[in-house]
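**Q** Here you go, one structure.
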Amino acid sequence: MAGRRLKLAVLLSGTGRTLDNFHREIEAGRLQAEVVAVAASSSKAKGVEKAKGYGYPVFAADERDHRELSRRINEFILPFQPDVIVLAGFLKLYSIPEGFEGRVLNIHPALVPAFCGKGFYGMKVHRAVVDSGVKVTGCTVHFVSPIYDEGPIFLQECVPVRAGDTPEDVAARVFELECRLYPKALNLLAEGRVKLTGNQVWIEER
Ligand code: GRF
């Protein structure tokens, strides 16, 4: 995957804000990638309309069983021969297709292993962060494993949590960080600078 444009399959369940960011970054020449397919876990997801608007091939499955959902999504995306499968606000458990170990990424809007796992999504994460009184939060790009928000941590950065912050304040600060960190992770992969050894991710310094 060294030094070329990564072919991305993007999976989403919600608004598609991360897809918007990828689109923007690709157009601006800051992300060495192209979106080859988008798949959604619900036809009602706003991200589906956005994907259509951008002209990306898109598939939506209203399927409750997560294994069947993954199977149908994989059946759709694999013919596009993605290099990397990117979870972008995908809220269902995803079964990684054969041969894609180490090539499926997720971003979580907190510092894994804190404030993560089943039930920790969207504003629930930021409410829990504010309620807990922690002074920093952030986001985590990680490789996907069969357990929610687990798998080797790829990149992690912090933002402050300030006295008087609302969960909305924290969410906005974290999302701004996500918009830099996810493209950064993908560019590192595109440049062939990432090595996965067990649970550890090594990044080649240049
Ligand atoms: C992002 O905050 C990301 O951390 C999480 O999903 C959010 C994007 O989803 N994985 P959405 O577009 O707001 O539905």
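Read-outs throughout are calculated quantities, based only on the coordinates presented, and are distinct from any laboratory measurement. All of these numbers come straight from a predicted model, not from anything done at the bench. Please note: Cβ atoms are built from the backbone with ideal geometry, for glycine as well, and neighbour counts cover all protein chains shown.
**Q** Could you work out Rg/(2.2 N^0.38 Å) for the range 151-191, with Rg from alpha carbons only?
**A** Numbers: Rg = 12.7 Å, N = 41, 2.2 N^0.38 = 9.0 Å.
Compared with the compact-globule rule of thumb, the range 151-191 sits at 1.41.
**Q** Let me ask something additional. Placing one identical point scatterer on every Cα of the chain and ignoring solvent, what is log10 I(q)/I(0) from the Debye formula at q = 0.11 Å⁻¹?
**A** Each listed q corresponds, in turn, to -0.48.
**Q** Something else now. Multiplying the sequence separation of Leu93 and Ala28 by 0.36 nm and subtracting their Cα-Cα distance, what value in nm do you get? Present the calculation step by step, with values, prior to reporting the outcome.
**A** Values: separation 65, 0.36 × 65 = 23.40 nm, distance 3.20 nm.
Result: 20.2 nm gained on full extension.
**Q** What is the spin-label model distance, in nm, from Leu78 to Glu101 if the labels are put 7 Å beyond Cα along the C-beta direction?
**A** Taking the two extended label points, one gets 1.7 nm.
**Q** Still on this structure, I have one more. Between the alpha-carbon centers of the range 80-136 and the range 142-171, tell me the distance in whole angstrom.
**A** Using only Cα atoms, the two centres lie 8 Å from each other.
**Q** So which lysines can Lys184 reach, going by Cα to Cα under 21 Å and dropping same-chain residues fewer than 8 places off?
**A** Lys7, Lys195
**Q** Stretch Glu49-Val134 to full length: gain in nm at 0.36 nm per residue minus the Cα-Cα span? Walk me through the intermediate numbers first.
**A** Working: separation 85, 0.36 × 85 = 30.60 nm, distance 3.69 nm.
The Glu49-Val134 span can extend by a further 26.9 nm.
**Q** Here is a further query. Take the Cα atoms of the range 1-57, build their convex hull, and give its volume per residue in Å³. Working shown, then result.
**A** Numbers: hull volume 4.0 nm³, N = 57.
Considering the Cα atoms of the range 1-57, their hull volume per residue is 70 Å³.
**Q** Before rounding to the nearest 500, sum -39500 (n - 2.57) across all DSSP H runs of length at least 4 in the chain and divide by the residue total; then give [θ] at 222 nm in deg cm²/dmol. The partial results should precede the final answer.
**A** Details: 5 runs with 66 residues, N = 206.
Mean residue ellipticity at 222 nm (helix-derived): -10000 deg cm²/dmol.
**Q** Using Cβ contacts closer than 10 Å as the measure, can you line up Phe76, Phe115 from fewest to most? Spell out each step's value before the answer.
**A** Values: Phe76 18, Phe115 21.
Taking fewest neighbouring Cβ atoms as first place, the list is Phe76, Phe115.
**Q** Lysines within cross-link reach of Lys135: Cα-Cα under 24 Å, excluding same-chain residues under 8 positions apart?
**A** Of all the lysines, those that pass the test against Lys135 - Cα under 24 Å, at least 8 places apart if same chain - are Lys118, Lys124.
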